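First the structure, in the form of structure tokens, and then the observations on it.
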Amino acid sequence: MKHTKENRKFLFWGVVLVLLILAGCGKDAVNQRVMRNTPANSANILINRTGSTLYTANMDVNTVSLIDVQQKKVIAEIPVGREPGQIALSPDEKQLYVSYMLDNEVAVIDLEKQEVVQKIKVGIEPYGLLTSIDGAKLYVVNYRSSTVSIIDLETFEVLKSISVEQGPRGLSMTADGGKLYITHYLTGKLSIWDTKQDQVTKVVSLAPSPDQKDRKKSQGIANTLEQITLSPDGKTAWIAHLLSNIDTPIQFEETIFPAFSVIDTEKDEELKEQRKELFEEINLGDVKNETIIVSNPYDLVFSPDGTKAYAVMGGSEDLLVFDLARGGNATQILRRIPGDNPRGIAISPDGNELFIHNAMSHDLAFIQTNADDPYGEVTLDADNLKLVAKDPLPPLVRKGKTIFNSANSDEYPITGNNWMSCVSCHSDGQVNGLTFTTPKGPRNIPSNVLTTKAGLFMWDGSRDDFTDYLITVQDEMGGMMDTDPAQPLPKEQQEIYDALLAYLDDPNSFPVPKSPYHQANGSLTTKAEEGKQIFEGKAGCIQCHAGEFFTDSVKAVDGSGNLTTANTNYLYDVGTTSPLDKGTKGDARAHYKNPRKPHLFDTPTLRGVWATAPYLHDGSAATIYDVLVTRNPENKHGNVSSLSKEELDALVEYVNSIE
């Protein structure tokens, strides 16, 4: 059939009309987007607007659970990638976004289909994530990459990846969507991000709490920043974190303190006088009229009217209640939250019920707020709800991980009076970037990555058996004080150390951090390849940092091949000692057969070393360059004095690339 001129004209205008209709529909679709109009924060537990459904990220089980609130029943457990850290809802609540920390991905879950429908590659170890208020973009903070990825949620493509301060972690957004608040886990900093400019406009450093004459009063440097939560009116943001007192010898009552810092979101400044600290704003007495000690703050929520704040303490396993209508101090401590290691909390839309996510027991605790009574206290509600069908961790590993994260002195005697857990210094089980004062001198907190594979323990190689950490438990954590260190451990205590060792030894517990110095395909850069040749050649690094674990400490064995502190052939003077370093006559655990000189040190592994700054036993080197040059004036720590600048740069690049 031939088209006449009139037919062609009619066809043309018909197509135009259809396109206009479609364009109008598309515009209507954009205009009809559901807009979020409340402050939001990334979390490991969320509740929808109606309060009918809860969502949890089950971190080491690699699933996400959906819970029917009314029935108190898990309606779905969705398999996801490795180590789901945080979750975020789309404004229309049709999608759930999940960060896969160990897969370097973000997943999109279709909540109607209850399955993962999309995965997006982002930076290294993504954690906090939030959508824009219209749901068009997803912001993801990548902890190891120190970047923010911005994802187009129509195309699921990464639009930008922008560098920020070291170690971004928590994430909150204002109700109007104009600002993001990004916490930096170990540095005590907060970045304010302008979403229109897509850049950081201000960085706030949380103030240290000043030294006090009484060492047992709250003081120290702000670090280990966990969750950040905006108040319902959006005028303030609260950050859960620790204070670490680094200028007095480590002692459980004088070193680690819990705190909540408050940010004025209009001025984007810290309200220093409103910080909540132990013995001050957190100062409730027990039956002996002694302050109840709480530890390891993780998360908090506000009542809908903003008059109460509820905070979970992951170490001591307590719930703190702050009365913001009556001075802002803590007015109740619920001891203990049923379950192990509470790390997340959500509140019902009417403010009557709290839901607490226990990270180690993988269950949900239910607590009534009794908010109808201005003076009402929180009370336990129903029995805990199990969130997962099966725990993939071996029972002994799970027990060890639970103990590692616990400061519950009633359950595990590794700390005195609920003061601190292993993660109080080993943040996330690894490092906290701080150097503490000890009787041996200043000591940098080491990582637990490969700690059971890398030979002797401690910077001076003074331990060869894991139960030797009884010395740390007694001297620093205030636990097991009635145990004679020179004798075999009682059975129940031996079981605790067996469990901790099983956890540390499990290859899935602390994977070597992926290095951002690698190429996108995971291979070494050309410069790093050159550095590898120098490392193994003229610099002589491989003489000590050799083998699978890049350390010769594994050779410190006896005639039977067992590690022994008696073999000191692999302790070295690398020119880094200072007058603050002290030798020892050994300890009771080793029957004083492990004396140490102040200038000799064990060889640490270099795998993942890029993520463990600062460096050296005393934390005196900020970078790998400083290790090789600034703190190596005598050329004892690698033969680097003869290297050219280009060769030195290549060597640094390689060391930072070692995985």
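Computed values, structure above
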{"quantity": "Candidate lysines - alpha carbon under 16 Å from residue 532, same-chain residues fewer than 8 apart omitted", "calculated": "645"}
{"quantity": "Distance (nanometres) between label positions extended 7 Å along Cα→Cβ at residue 557 and residue 264", "calculated": "6.3 nm"}
{"quantity": "Segment 503-586, dipole about Cα centre (Lys/Arg Cβ +1, Asp/Glu Cβ -1), debye to the nearest 20", "calculated": "220 debye"}
{"quantity": "Proximal lysines relative to residue 308, as straight alpha-carbon distance under 16 Å, when same-chain residues fewer than 8 apart are discounted", "calculated": "235, 276"}
{"quantity": "Estimated [θ] at 222 nm from DSSP helical runs (n ≥ 4, -39500 (n - 2.57)) normalised by residues in the chain, nearest 500", "calculated": "-4000 deg cm²/dmol"}
{"quantity": "Gain in span if fully extended, residue 566 to residue 49, counting 0.36 nm per residue against the direct Cα distance", "calculated": "179.8 nm"}
{"quantity": "Solvent-accessible heavy-atom area per residue, rounded to whole Å², over the chain at 1.4 Å", "calculated": "43 Å²"}
{"quantity": "Exposure ranking of 261, 52 by accessible area [1.4 Å probe, largest first]", "calculated": "52, 261"}
{"quantity": "Residue-span extension gain [residue 649 to residue 274] - 0.36 nm each, minus C-alpha spacing", "calculated": "130.4 nm"}
{"quantity": "Within segment 108-167: Cβ-based charge dipole about Cα centre, in debye rounded to nearest 20 (Lys, Arg +1; Asp, Glu -1)", "calculated": "240 debye"}
{"quantity": "Cα gyration tensor, segment 291-365 - rounded (a/c under 1.5), prolate or oblate", "calculated": "oblate"}
{"quantity": "Separation between Cα centres of segment 251-327 and segment 136-164, rounded to whole Å", "calculated": "32 Å"}
{"quantity": "Eligible lysines near residue 555 by straight Cα distance, threshold 16 Å, same-chain separation 8 or greater", "calculated": "453"}
{"quantity": "Whole-percent carbon and sulfur share, accessible surface of the chain, 1.4 Å", "calculated": "52 percent"}
{"quantity": "Translational D in µm²/s for the chain (Stokes-Einstein at 37 °C, 0.692 mPa s, Kirkwood Rh from C-alpha pairs)", "calculated": "124 µm²/s"}
{"quantity": "Paramagnetic reach from residue 324 in segment 342-378 [backbone N under 14 Å; point 7 Å along Cα→Cβ]", "calculated": "347, 351"}
{"quantity": "Estimated inter-spin distance, residue 592 and residue 246, nm [label 7 Å along Cα→Cβ]", "calculated": "3.4 nm"}
{"quantity": "Calculated FRET efficiency for the pair residue 307/residue 523, C-beta based, R₀ 45 Å, to 0.05", "calculated": "0.20"}
{"quantity": "Spin-label model distance (nm) - residue 176 vs residue 659, 7 Å beyond Cα toward Cβ", "calculated": "4.3 nm"}
{"quantity": "Shape category assigned to segment 174-330 from the gyration tensor of Cα positions, a/c cut at 1.5", "calculated": "oblate"}
{"quantity": "Whether segment 98-140 is rounded, prolate or oblate, judged on the alpha carbon gyration tensor where a/c under 1.5 counts as rounded", "calculated": "oblate"}
{"quantity": "Difference of contour (0.36 nm per residue) and Cα-Cα distance, residue 32 to residue 546", "calculated": "178.9 nm"}
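The values are calculated or read from the model by the stated rules, or taken from the named source; none is laboratory data. Everything numeric in this text was worked out from a predicted model, so none of it was measured. Here the Cβ is made from the backbone with ideal geometry for all residues, glycine too, and neighbour counts use every protein chain on show. Note: areas computed on protein heavy atoms with side chains; ligands, DNA, RNA excluded. Shrake-Rupley method; radii C 1.70, N 1.55, O 1.52, S 1.80 Å.
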